[in-house]
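Working notes, structure below.
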Amino acid sequence: MSSFQTSPGTRDILPPHAGRWRALVQVFADGVESAGYENIIPPMFEDLGVFQRLGDATDVVTKEMYDFMDKGGRHIALRPEHTASVCRAFAQHRPTPPWKVWYSGPNFRYERPQAGRYRQFDQVGIEVLGVDDSQLDVEVIALGWDFYKSIGLSNVSLIVNSLGDAGDRGRYIEALGAYFTTHSEMLSEQALATLERNPLRVLDSKRPEDAPAIAGAPTIGAFLSTDAAAHFAAVCAGLDSLNIPYVINERLVRGLDYYQRTTFEFVSGSLDSAQNAVGGGGRYDGLVEDLGGPATPGIGFALGVDRTLLACDAEECFSYGFPVLDVFVIDTTGGSHAMSITHQLRQGGFTADRAFEGRSMKSQMKSADRSGAQVAVIIGDTEAEESTCTVRNLSTSEQTTIPSTELQSHLASVLGQRQPRRHTP
RNA sequence: GUGGGCGUAGCUCAGUUGGUUAGAGCGCUAGGUUGUGGUCCUAGAGGCCGGGGGUUCGAAUCCCCUCGUUCACCCCA
């Protein structure tokens with residue numbers, strides 16, 4: 001046992017998993033960039049106040065924040081999510097709306113780790129600021145939906161709801177609180193505690209004993225203003241016209257307090273754990289203003305990278321093959337030929353590797369085999385003396401010896417032409 | 001924060017009612033093959049049995065504490 005291990009809720013993403021991870025982010029980036037979204041990289045920590053705007057009643061703010069005083073006496077917090085940072089960035093830099101951005105990176109929440117839940121966890125996501133149009137809601141949801149399709153996930157369902165405008169939400173929460181209070185004898189102890197902080201969140205309880213009370217609770221639909229109801233109907237109609245299947249669930253309330261109007265969640269049917277929500281988002285029209293910016297509508301979503309990959313494992317999709325080399329260079333004369341040949345091949349655009357420490361021919365051949373290289377280039381005493389090299393096809397075991405000067409052109413004819421590396425001027 | 005399961009080699013795991021020097025498979029290294037991989041054979045390296053305390057002549061094994069991990073609640077991606 002080594003002296004140090006990763007801190008609870010964190011882990012090393014090792015190869016080959018890290019390669020698959022990066023590939024997933026790449027697919028996401030390609031998808032949203034083709035829709036006009038540009039990358040934003042906010043800092044990993046901010047003034048605590050930025051995140052307190054997420055809501056006093058959310059656990060994310062009240063008990064899960066990684067916060068500390070820095071040496072300058074500032075109260076700092078590691079970001080628990082990206083949305084608040086993006087809105088802070090908008091308020092700070094005032095870019096011209098519409099501002100369409102995407103991000104990818106780690107977030108931090110102090111929770112007890114379990115399946116699909118870590119203290120440092122990665123999300124990819126998008127945010128759009130400055131557009132109040134139900135068609136944008138449809139675009140955002142569609143981009144999330146299309147991403148899951150593009151990595152091969154089929155067992156993901158989309159759940160949508162509307163929380164109405166700020167006023168609707170307030171009236172609904174009031175009615176909900178009144179209802180649960182009169183039925184408090186039907187609620188679990190935990191649900192009663194939740195009721196104190198935020199009646200909306202009681203709807204999230206997974207405890208069976210709370211189910212009857214929740215089933216009889218008033219639903220948000222009846223409280224929507226004319227505007228909010230029309231907005232939601234337009235979103236649903238848009239999803240219909242794009243043939244994106246969805247389920248309306250009036251019990252869907254998202255975890256952060258800033259959501260208004262459209263909210264949605266992507267749930268994997270292949271994850272039997274409690275963490276089956278692989279992504280979620282919604283509209284947050286008041287957040288930029290809360291952070292000191294101009295009144296600006298906003299909408300976005302975040303997808304959990306870990307959970308998405310867990311879902312891929314369950315559905316056996318988005319498999320990742322480790323990168324295969326073009327060439328493995330074997331040198332039994334001490335290694336200096338391998339050093340120069342791999343360097344030249346890499347400059348010529350070939351992927352190439354070699355062994356070190358002057359190992360035996362057999363050992364180097366094993367390394368070549370494990371590397372997955374298509375051909376081995378072999379330099380032994382004979383080749384060194386004659387300025388030749390032996391090129392061996394590792395799948396057919398055929399090999400020929402050629403003059404060293406013809407190596408690159410020979411490889412190009414065997415493996416196909418490669419683009420030489422160029423240096424940016 | 002609350003509750004349950006589990007910690008033995010790099011990995012997956014055996015280990016009898018407590019009893020000498022803790023094992024296997026895979027992986028790794030080397031040799032069999034005086035320049036040639038994937039199969040096969042042989043050998044080798046690699047363990048504070050998570051950590052600390054206790055019971056005992058004797059503890060991987062029993063007890064307590066602790067740390068880690070895992071699952072659920074809570075909450076969330």
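The values are calculated or read from the model by the stated rules, or taken from the named source; none is laboratory data. The structure displayed is predicted, hence computed values, not measured ones. Here the Cβ is made from the backbone with ideal geometry for all residues, glycine too, and neighbour counts use every protein chain on show. All accessible areas refer to the heavy atoms of the entire protein, side chains included, with ligands and DNA or RNA removed. Shrake-Rupley method; radii C 1.70, N 1.55, O 1.52, S 1.80 Å.
Structural remarks
- Its Cα gyration tensor gives the range A:105-172 an equivalent ellipsoid. The semi-axes, each the square root of 5 times an eigenvalue, are 26, 21, 14 Å from largest down.
- The accessible area of A:Val101, taken with all protein chains in place and a 1.4 Å probe, comes to roughly 10 Å².
- Proximal lysines to A:Lys149, defined as alpha-carbon separation beneath 29 angstrom and excluding residues fewer than eight positions away on the same chain: A:Lys100, A:Lys206
- The separation of the range A:328-364 from the range A:35-56, counted between C-alpha centres, amounts to 47 Å.
- Between amide H atoms placed 1.01 Å from N, distances below 5 Å from A:Arg354 occur with A:Val329, all of them 5 or more places distant or on a separate chain.
- The range A:163-267 shape via C-alpha gyration tensor axes, a/c threshold 1.5: prolate
- Once exposed loop chymotrypsin sites (Phe, Trp or Tyr not before Pro) are cut out (DSSP; at most 14 other Cβ, 10 Å), longest piece of chain A: A:5-355
- Phi to ³J(HN,Hα) by Karplus 6.51 cos²θ - 1.76 cosθ + 1.60 over the range A:33-48, Hz, x for Gly, Pro: 5, 5, 9, x, 8, 10, 6, 10, 10, x, x, 7, 9, 9, 4, 3
- Other-chain or far-sequence residues with amide H under 5 Å of A:Ser162's (modelled H): A:Thr263
- Using the Cα coordinates of chain A, the gyration tensor eigenvalues translate into equivalent-ellipsoid semi-axes of 54, 23, 22 Å, sorted from longest to shortest.
- Ordered by 1.4 Å accessible area with all protein chains kept, A:Ile330, A:Ile159 run largest first as A:Ile159, A:Ile330.
- Accessible surface, per residue, of chain A when the full set of protein chains is kept, probe 1.4 Å, Å²: 49 Å²
- Applying the criteria of a DSSP loop state and at most 14 other Cβ atoms within 10 Å to the trypsin sites (Lys or Arg not before Pro) of the range A:155-241 yields A:Lys206.
- Rounded if a/c under 1.5, otherwise prolate or oblate - the range A:327-415, Cα gyration tensor axes: rounded
- Rg and Dmax over the alpha-carbon atoms of the range A:1-103 stand at 17.2, 54 Å.
- Solvent exposure ordering (accessible area, 1.4 Å, most first) of A:Glu250, A:Glu127: A:Glu250, A:Glu127
- Principal axis dimensions, the range A:228-326 - Cα atoms, whole angstrom, descending: 54, 32, 30
- Accessible-area value, A:Arg254, 1.4 Å probe, nucleic acids and ligands omitted, Å²: 40 Å²
- Carbon and sulfur %, accessible surface of chain A computed with the full protein complex present, 1.4 Å: 51 percent
- The mean sequence distance of close C-alpha pairs (under 8 Å, at least 6 residues apart), as a share of the length of chain A, puts its relative contact order at 15 percent.
- In sequence order, the range A:66-78 has phi-based couplings of 8, 10, 7, 8, 8, 5, x, x, 7, 8, 10, 9, 5 Hz under the Karplus curve 6.51 cos²θ - 1.76 cosθ + 1.60, θ = phi - 60°, and Gly or Pro positions carry x.
- Computed with every protein chain present, the accessible area of A:Leu192 is close to 60 Å² [probe 1.4 Å].
- Per-residue 3J(HN,Hα) values for the range A:125-141, derived from phi via the Karplus relation 6.51 cos²θ - 1.76 cosθ + 1.60 with θ = phi - 60°, read x, 9, 9, 10, 10, x, 10, 10, 8, 4, 5, 5, 4, 5, 4, 4, 4 Hz in sequence order (x marks Gly and Pro).
- Tensor-based shape of the range A:45-132 (alpha-carbon gyration tensor, a/c under 1.5 rounded, otherwise prolate or oblate): oblate
- Euclidean distance of C-alpha centroids, the range A:63-90 and the range A:174-245, integer Å: 30 Å
- Of A:Glu315, A:Glu33, A:Glu385, the order by accessible heavy-atom surface (1.4 Å probe, DNA, RNA and ligands excluded), from most exposed downward, is A:Glu385, A:Glu33, A:Glu315.
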